[in-house]
Structure formats: structure tokens, C-alpha cells
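Heads up: the structure comes next, in C-alpha cells.
The values are calculated or read from the model by the stated rules, or taken from the named source; none is laboratory data. On a predicted model such as this, the values are computed, not experimentally measured, just so you know. With ideal geometry, Cβ positions are generated from the backbone for all residues, glycine too; neighbour counts draw on all protein chains shown. In case anyone asks, the SASA skips ligands and DNA or RNA and just uses the protein heavy atoms, side chains included. Shrake-Rupley method; radii C 1.70, N 1.55, O 1.52, S 1.80 Å.
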Amino acid sequence: MELAPTGDGIDLAVVLRFVDIATDALADAREEIDALNVYPVPDGDTGTNMYLTVSAARDAIAEAVALVAADSPGAALDDSARDAALGAFARGALLGARGNSGVILSEMLGALARRIGAAAAQESSAHTMAEALRDATDASYRAVGTPVEGTILTVARAASDAALARCAEPEARARDVFTAAAAAAREALARTPEQLEVLRHAGVVDAGGRGLSVILDAAETALTGRRPLAVHSPLGHRSIPLPLPRPAATETGDLSPDGPAYEVMYLLEADDDRVSALRARLAPLGDSLVVVGGERLWNVHIHVDDVGAAIEAGIEAGRPYRVRVTHFAEQVASHAASSAAPGNQLETPRTGRRVVAVAAGPGLTELFEAAGAIVVQGGPGRRPSTGQILGAITDSGAEEVVVLPNDGDSVRVAQIAAGTAETDLGLRVAVIPTQAQVQGLAALSVHEPGRGFDSDVLEMTATARHARHGAVTIAARQAMTMAGPCEPGDVLGVIAGDFAVVGADLHDVATDVVERMLGGGGDMVTLVGGADSGDLAQRAAAWVDAHHPHIDVVVYDGGQQRYPLLLSVE
């Protein structure tokens, strides 16, 4: 698939590279940013919330691009496809936003995506991105009920002002704009303790501002290939973006009797003209009010004492759902306990070991669940997000978790979710990098909870690695493959992720793939029939019985889309 340019040099490939770098950078800086989190509430989750927000946006745009690639292999993205991908990016950020900083960040990312999508054909990349940063800053200020300087807002304004100034210079390019923006953000971040007393007292910079600086550094790296230079803070004892020291202890007394006790968040389906009234209804109830979104989907965040009133305001405006209520005192105590001794924050003791597996179809879901796994829905066009896998790990109730992503593109997502669970919950989590559904089935078949954790993971990993995997699919577009050219409707045989066979008949291609895979030896063939594949799996099994009678064959109904047959040889 070709990612055609948007404007002068800002293309979807650049956006994808940026969001990958930003997600990884926030994953690395998450603990540091969490430790800086003393304002507005010292609940130690700003880094995690910003990471989850960007990760959700990354997963959404990657899934949108993958859908187009699957439907039109080798074709360039047209304007409508690019708009859809950028729209998915903005919507993913909105739906995945967590916490005050995450909700603000989601609005900024949405504004960036909208401005990039609206770029004129002959518009310079520098102009596009400078205006995109300005729009993101303006959107962040509008989203907040009572803007406070010395926060992420201040850092955003400094970055966008620098970007606009750099854009006005002759020959400026997008890379120059982001270099200027990232440098200005680091300098503004270093000054935040001068603007907020709580930051100066704790000896830290603003956590949300630090997270935004990490993201802008990632944008600079994506466009230039360079890592930004460190800038020393006026406080004289730290450098940015190098790791910052943990702040001085912040007493939970900062949660004074006069301050709100709860954080309330929910998604809201409501007509856009109802939102002004919603903001007016919520504003007197508490502080840190942020309402972002548009086109009948909104993300609402507020700190209140009266949880019921905050939710009722949403009901008056539309349909609130995915409601999340956090009691600050408990969250702060939990964060303090986790900092002192990982695992102490768990109210209910976790026991045992569970497996989390990504399943690509209803039949595969039944197979994994029958074997005792917790299933996360996935497959082509619906790959799971980091949040979904993290949620499955968290909800498992186990102290040891093994994750089977069962898809090459989901391995990194699973690893980030595992790292988050290990840090936040003190769990032991291992990701077995299964590249295909059949490898996950093979690994799960040897899972033994009674074994030691390391021994179990080692056995499952070895079994998955020895399960050679293949598939049969149908070409959607004309393309060039490793096996030669294909036309729409041709049957494609896949071995270890590469197109190895091009043919006209499902059964012929399936048996060709099996024969090639058995060329390396094997004792058992597993065949998983897809949706609407008829008796293909059974016919392939009969062929194996006839031509390789010494080989055991297992047949399952997987129900997966786009792949009439999945297979493995062990």
C-alpha cells in the first residue's frame, strides 16, 4: 500500500511514524511523569493516562490503514481513505482518553488531525503544521472550564507560538517548525514551577506539560531522525527531556476537605448544541472540568463531591456511558503503596495464573475459552488496543498472566500492556510473541498452571515457536506478491506471513501450502476453517490422511473473516 502525501510533505506515513515514536516515548517516560503528578491532584497517573490516550489513537489509525491495505493491496490511499484514517486517529484518542491530561490531549490530537486533513494541495508543510499546533492549543484552552497557567496549556501555547514564528521564516519546513516547537515546550516546561506554587513547593515541573514535551520531542524525531538536546531547568538541578528526579513527598492532605473528592469521567452521546448547557450545569459542581469532542460524541471529565449530580447532568444532555468514578483518597493511597512496594495497592489478593488470548473469530473464541483463556476480540480490521489487553489482564484476578497476541502487529501492543500491568499492579506478566492464531492454540495446549511460571512460559513459547503457520486467503486487488502477480479473486497461500502460492482453487492452494509446510517435517497438522469456507478444512484433512497417513490431523471451525483456512504444522 502506498501512503500518498497530504499537503506538502505531511503524509500519513509521517503521522504513523510519529504516533509510534510518541507511544514508545510515553511508555518509557510514563513512570517519571506519574511521579511528577502533584497538580491538580497528586494521584500519580498523568503519565499513564497520556500514554493510554496516545496508544488508543495509534491503534485506531493503524487499524484504519490496515483495513484499507487488506481491501486494496498495493493501491495508493485516496483522499477519502486518508480522511478516514485521520478521523479514526482523532476518534481513537477521544474514546481512549483517560484523566484530566488525557482528555485535554485527546482534544489537541483531534485538532491536529483535522488541520492536517484539511491541508490544501499546494499548502506548505510548515504552514500546515504551525497552524495545526495553534489549533491544538486553542482547542485545549476551550476545552478547559477554568484554564490555569503553569500546566500543559502553557507548554502548548509556547510551542505553538514558536511554531508560528518559525513558519514565518523563508524556506521553513515542517521539521523546522517542530524543532522550534519542541525546544520552546521544553523551555516553557522548565518555567512551570514559577507559575504554580504547588509545583515549586514539590520541586517538580508540571506532569501534563512534561508529557506534551515528550510528544513534541517525538514529532521532532519523526521528522528529523534526531533526538532533541536537553535543556536545563532554571531550578538548576534537572535537565529535560532526560529523566527527572522524583518529587518531594506530597501529603495526601493536599486533598483538603474543601476540595472535590471524586474524579468522574464518561463518554456522552449528545447533540452538539446541548454541550454549552452541560458545561454550565457542571461548572458549579467542582473543578478541573474538561468537555471535548464533537459530532455527537463527547468525553466529559470533572472533579466533584456530588457524583450523582455530575452523572445526572450528562443524562440531561444525552446518553452517558462508560462511566468511571475514582475516589482520590483511595487512588493517592494506592499510588503511595505501589511506589513503596509493588503489589501492595491491591485490595483483593490476586491468586493463580491466567492466559489472555486474542481471538480472530467466534469459533476461535470458543476454543480459547474452552481451554481456560480470557479472550480479547481481534483479527484483521479489529486488532485490540493496549487498553483492551490491559483491561483483560487487570480483570483476570490472577497474580501471574500469560498473554498470547496471536498476531504479529499486536505483539508490541501486548508488551506495552504487560509492562503497564507489571508496574501498576505488581503482576508477573509474560507475552509469548505468537504471530498467528494457530500458534496461540499450540501454546495454550501445553499450558500447565501447576508448573512454575518460568517453566510454563518456556514450554508454551517453545511449542508456539515450533508450530509453523500458514493460511489461505483471497486477493482483493491486483498486486505483486513473492509468488508472482495476482488478480482480484485469486486464491493466495500464505506461509509464515509471506505469500507463497497464487492459484485459482481454494482446495488446490490449501493442499499446496500443506505440502510445502510438511516438507520441513512434522507430526501434526491443525486446520481451522474460516467463515463461509464450506467444507474446505475437512477436504484438506482428507487430503492429508490420503497422502500423509502417518500425520495426525485436527480440524476446528474458527469462524475467522478473510481467511478461509488457517493451518499449522507441529
Derived scalar couplings ³J(HN,Hα) [region 98-103; Karplus, 6.51 cos²θ - 1.76 cosθ + 1.60; whole Hz; x for Gly, Pro]:
10, x, 4, 5, x, 5
If you line up the long axis of helix 152-167 against the longest principal axis of the chain, both from Cα atoms, how many degrees apart are they, to the nearest 10?
80 degrees
Can you give me the long-range amide H partners of residue 11? Hydrogens built in the peptide plane at 1.01 Å from N, cutoff under 5 Å, separation of 5 or more residues or another chain.
6
What does the extension gain come out to for residue 552 and residue 319, with contour length at 0.36 nm per residue minus their alpha carbon separation?
78.5 nm
Would you pull out the residues with amide H under 5 Å of residue 356's amide H, same chain only if 5 or more places away, H placed 1.01 Å from N?
374, 402, 403, 404
Residue 312 paired with residue 482, simple spin-label distance in nm, labels 7 Å along Cα-to-beta-carbon:
6.4 nm
As computed over the chain, the Cα convex hull volume per residue (Å³):
160 Å³
Nonlocal amide H pairs with residue 500, under 5 Å, H built at 1.01 Å:
493, 494, 495
Full-extension gain between residue 283 and residue 121, please, as 0.36 nm times their residue separation minus the C-alpha to C-alpha distance.
54.1 nm
At most 15 other Cβ atoms within 10 Å and a DSSP loop assignment: could you name the trypsin sites (Lys or Arg not before Pro) in region 155-227 that fit?
226
Find the relative contact order for region 64-183 and round it to a whole percent, using C-alpha pairs within less than 8 Å whose residues are 6+ positions apart.
21 percent
Go ahead and estimate [θ] at 222 nm for the chain from helices alone: -39,500 (n - 2.57) per DSSP H run with n ≥ 4, summed, over the residue count, rounded to 500.
-16000 deg cm²/dmol
Each residue of region 312-318 in order: what ³J(HN,Hα) in whole Hz does its phi give by Karplus 6.51 cos²θ - 1.76 cosθ + 1.60, θ = phi - 60°, with x for Gly and Pro?
4, 4, x, 5, 5, 7, x
Any idea which of 361, 56, 141 is furthest toward the positive side of the dipole for the chain, if Lys and Arg beta-carbons carry +1 and Asp and Glu beta-carbons -1?
141
If you line up the long axis of helix 536-547 against the longest principal axis of the chain, both from Cα atoms, how many degrees apart are they, to the nearest 10?
40 degrees
Between residue 518 and residue 17, the FRET efficiency computed from the C-beta separation at R0 = 41 Å comes out, to the nearest 0.05, as 0.55
Using Cα pairs under 8 angstrom and six or more residues apart, how large is the relative contact order of region 83-152, in percent?
32 percent
I'd like to check one number: the per residue accessible area of the chain, probe 1.4 Å, reported in Å² as a whole number.
41 Å²
Hey, what do the phi angles of region 548-559 turn into as Karplus ³J(HN,Hα) couplings, whole Hz, using 6.51/-1.76/1.60 and θ = phi - 60°, x for Gly and Pro?
9, x, 7, 8, 6, 10, 10, 10, 10, 9, x, x
How large a share of the accessible area of region 424-550, in percent, is made up of carbon and sulfur atoms when the probe is 1.4 Å and the other protein chains stay in place?
52 percent
Extension gain (nm, one decimal) between residue 271 and residue 505, 0.36 nm per residue minus Cα-Cα:
79.1 nm
